[in-house]
1. For segment 96-128, which positions are more than 17 Å from residue 159 (Cα to Cα) and either of a type outside the set (Gly, Ala, Ser) or assigned to a loop (DSSP other than H, G, I, E, B) (or both)?
2. Please determine, by comparing only the residues of segment 184-215 that are charged (D, E, K, R) and modelled with pLDDT under 70, which one is surrounded by the most Cβ atoms within 10 Å (Cβ to Cβ).
3. Out of the residues in segment 77-92 that are in contact (Cβ under 8 Å) with a residue 60 or more places away in the chain and in contact with a helix residue (DSSP H, G or I) (Cβ under 7 Å, 6 or more places away or on another chain), state the one that is farthest from residue 223 (Cα to Cα).
4. Within segment 43-54, is even one residue among the polar types (S, T, N, Q), part of a loop (DSSP other than H, G, I, E, B), at pLDDT below 95 and more than 19 Å from residue 164 (Cβ to Cβ)?
5. Could you tell me whether segment 93-106 includes any residue that is acidic (Asp, Glu), without any contact (Cβ under 8 Å) to a residue 24 or more places away in the chain and farther than 24 Å from residue 205 by Cβ?
6. Return the residues of segment 5-42 that are hydroxyl-bearing (Ser, Thr, Tyr), at pLDDT below 95 and crowded, with 19+ Cβ neighbours inside 10 Å; say none if nothing qualifies.
7. For segment 43-60, which residues satisfy the criterion of being among the β-branched types (Val, Ile, Thr) and either crowded, with 18+ Cβ neighbours inside 10 Å or touching a helix residue (DSSP H, G or I) at 6+ places or on another chain (Cβ under 6 Å) (or both)?
8. Looking only at segment 65-95, which residues are in contact with a Pro (Cβ under 6 Å, 6 or more places away or on another chain) and part of a strand (DSSP E or B)?
Amino acid sequence: MGPPPPTLLVVTGLQREARVAAGAGVVTLCSGGNPDLLRERLAAFARTSGHSKIGGVLSFGLAGGLAGHLRSGDVVISTAVEAGGRHHRAHDGWHENAASALGARLTVHRGTTAGRDMVLVTSSQKIGLHRETGALSVDMESHIAADYAHRHGLPFAAIRAVSDPCSRSLPPVAMDALTQDGKVAIGKVITGLLRDTGQLPALIAAGLDSERAFASLRRCRRLLGPLFGLRSADL
């Protein structure tokens with residue numbers, strides 16, 4: 001008998017993203033939209049025996065679009081992650097495998113992902129970050145997952161679906177809409193809307209964009225298979 005197959009660590013921001021990613025050979029870790037909490041959870045995971053079985057680290061979920069040609073539901077496969085002037089390259093073979101598997105079925109873009117510890121709320125913020133870095137997308141987990149992979153000598157990849165394109169600003173009610181375990185805090189959302197019902201149209205639009213992005217994530221999961229395109233030759 002050969003060695004057991006590797007386990008993939010998939011880092012997400014939302015429990016819903018983690019549910020899409022779940023499957024045999026996958027361990028999911030959710031940030032709840034809190035970068036510092038994600039760092040703590042990754043540090044705790046590194047201290048467990050399960051860490052020794054990890055063969056790669058994937059950042060998977062929704063992203064904000066930074067480039068004007070990206071639309072909601074488009075998929076960004078990272079070639080590198082930029083954060084604070086530092087760049088972590090994604091594993092060449094892994095992101096090539098993913099792009100080959102997805103390119104004929106989905107609208108796929110390859111380029112740099114920006115990682116930030118805060119949500120970029122406005123259209124102007126997203127456009128500005130694209131001008132500054134050239135990154136295609138932004139999220140709050142990829143830079144932390146990439147740093148973890150780099151420190152532990154593991155292959156890294158990031159596959160993200162655009163939820164909010166740069167042409168759209170997010171409503172304020174969406175900024176505080178998560179619990180620490182990555183679920184939507186419905187009560188907070190309702191309270192925010194009752195205080196300012198004018199946010200409702202923007203929240204509905206954001207919800208429709210999000211559903212398109214989740215549809216793309218589910219297709220990615222089906223098309224890429226158990227380890228999201230990570231192959232034994234990549235280890």
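The values are calculated or read from the model by the stated rules, or taken from the named source; none is laboratory data. What you see is a predicted model, and the numbers here were worked out from it, not measured in a lab. Backbone-built Cβ (ideal geometry, glycine too); neighbour counts: all protein chains shown.
1. Initial filter on segment 96-128 (more than 17 Å from residue 159 (Cα to Cα)): 117-128.
Of everything in segment 96-128, those that are more than 17 Å from residue 159 (Cα to Cα) and either of a type outside the set (Gly, Ala, Ser) or assigned to a loop (DSSP other than H, G, I, E, B) (or both) turn out to be 117, 118, 119, 120, 121, 122, 125, 126, 127.
2. For segment 184-215, the residue satisfying everything is 188.
3. In this case the residue turns out to be 83.
4. Yes, some residue in segment 43-54 is among the polar types (S, T, N, Q), part of a loop (DSSP other than H, G, I, E, B), at pLDDT below 95 and more than 19 Å from residue 164 (Cβ to Cβ).
5. yes
6. Here is the first cut: in segment 5-42, the residues hydroxyl-bearing (Ser, Thr, Tyr) are 7, 12, 28, 31.
Restricting the remaining residues to those that are at pLDDT below 95 gives 7, 31.
Once the filter is applied, which keeps residues that are hydroxyl-bearing (Ser, Thr, Tyr), at pLDDT below 95 and crowded, with 19+ Cβ neighbours inside 10 Å, segment 5-42 yields only 31.
7. If the condition is that a residue be among the β-branched types (Val, Ile, Thr) and either crowded, with 18+ Cβ neighbours inside 10 Å or touching a helix residue (DSSP H, G or I) at 6+ places or on another chain (Cβ under 6 Å) (or both), then 54, 57 are the ones that fit.
8. If the condition is that a residue be in contact with a Pro (Cβ under 6 Å, 6 or more places away or on another chain) and part of a strand (DSSP E or B), then 65 is the only one that fits.
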